[in-house]
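Take a look at the structure below.
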Amino acid sequence: MNVVSKLVKMDFKIGAMQRKDDQLLITSHPSQPMKTNVYMSAEDAVEMVKCALNWSVISFVFALPFLYVKAKKANKNKAKK
């Protein structure tokens, strides 16, 4: 996932997700140079679900298996060259 803001532009790979008290803790992958913790409250999660309830996001979720296979094939072809 790419995170872009006025403060930072970084590649963020999710390493783990776990519940911590009343929040969801998302930690960066150990291979990431900058260790990052993201805390998501229940309110944040509900807002995320509300935002995701539109045709654009739903069609992306349904297309995920095809997009995943397509990306894997593209990466494999890129590695062969």
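Summary of the geometry: the range 1-35 and the range 59-81, compared by the centres of their Cα atoms, lie 23 Å apart.
With the convex hull of the Cα atoms taken as the outline of the range 2-80, the averaged projected area works out to 7.5 nm². In this Cβ point-charge picture (+1 for Lys and Arg, -1 for Asp and Glu), the range 2-80 has a dipole of about 800 debye about its Cα centre. Summary value for the chain: 15 percent relative contact order, contacts being C-alpha pairs under 8 angstrom separated by 6+ residues. Taking +1 at the Cβ of each Lys and Arg and -1 at the Cβ of each Asp and Glu, which of Cys51, Gly15, Ala63 sits farthest along the dipole of the chain towards its positive end, judged by Cα position relative to the Cα centre? Checked the options; the winner is Ala63. For Lys76, the lysines whose Cα falls under 25 Å of its own Cα, not counting residues fewer than eight places away in the same chain, are Lys13. Per-residue ellipticity at 222 nm from helix content only, as computed over the chain with -39500 (n - 2.57) for each DSSP H run of at least four residues, stands at -15500 deg cm²/dmol. If the reach is capped at under 27 angstrom between alpha carbons, list the lysines near Lys6, excluding any in the same chain fewer than eight residues apart. Answer for Lys6, where 27 Å is the Cα cut-off: Lys35, Lys50, listed by chain and number.
All of the numbers you see were taken from the coordinates with simple rules; none came from a lab. Owing to the predicted nature of the structure, the values given are computational and were not obtained by experimental measurement. As a convention, Cβ positions derive from the backbone with ideal geometry for all residues, glycine included, and neighbour counts pool all protein chains shown.
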